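Chemist: First, the structure itself, so that you have it in front of you.
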Amino acid sequence: MSSQSAKPIKRNKPSSSAISEDAPKVTQAMLDTARFRVGLKDTPRKQRVNIMLDTGVIAAFKAKAGDRGYQTLINEALKQYLSQSVLEDTLRRVVREELSHAH
C-alpha cells in the first residue's frame with residue numbers, strides 16, 4: 001500500500017447522548033420486566049439456563065453449527081421439536097375425530 005492511498009482515520013466525537021452520571025443504573029429486575037422490541041414489534045425473549053447435556057450431543061451440535069454458534073442451533077432444534085410435537089398431536093386428534101365420525 002502506498003502512502004498516497006492511505007486515508008487518515010477519523011476519530012469519533014464524543015456523543016452528546018453519552019450516559020450521564022445522573023442516569024439510573026440498570027438492574028436485573030428492570031431487565032426482567034422490560035419489553036424488548038425491534039421497530040414497534042415485541043420480540044421473543046431468551047432466558048439463560050444451565051443444563052447438563054452429553055458430551056457427544058454438544059460435540060455434534062458444535063460440528064454442525066459452524067459459525068452460527070452451537071447454542072443457537074440447539075435452540076432452533078428444540079423449537080422445531082416443539083412445533084413438530086404440536087403438529088403430531090393435532091394430526092392425531094383430527095384422525096381420531098374423523099374415525100369416530102366414520103362409525
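Chemist: Kindly state, to the nearest 0.05, the FRET efficiency for Q47 paired with V26, given R0 = 22 Å and r defined as their beta-carbon distance.
Modeler: For R0 = 22 Å, the calculated efficiency reads 0.80.
Chemist: Further question: Can you sort S20, S85 by how many other beta carbons sit within 10 Å, fewest first?
Modeler: In order of increasing Cβ crowding within 10 Å: S20, S85.
Chemist: Here's something else I'd like to know. Short version: ³J(HN,Hα) in whole Hz for each residue of the stretch 39-50, in order, from phi by Karplus 6.51 cos²θ - 1.76 cosθ + 1.60 (θ = phi - 60°), x for Gly and Pro, what are they?
Modeler: With the stated coefficients, the stretch 39-50 comes to x, 10, 9, 4, 10, x, 9, 10, 10, 6, 9, 10 Hz.
A short reminder: the numbers here are calculations on the coordinates, not readings from a lab. Keep in mind the model is a prediction, meaning the values are calculated, not measured. With ideal geometry, Cβ positions are generated from the backbone for all residues, glycine too; neighbour counts draw on all protein chains shown.
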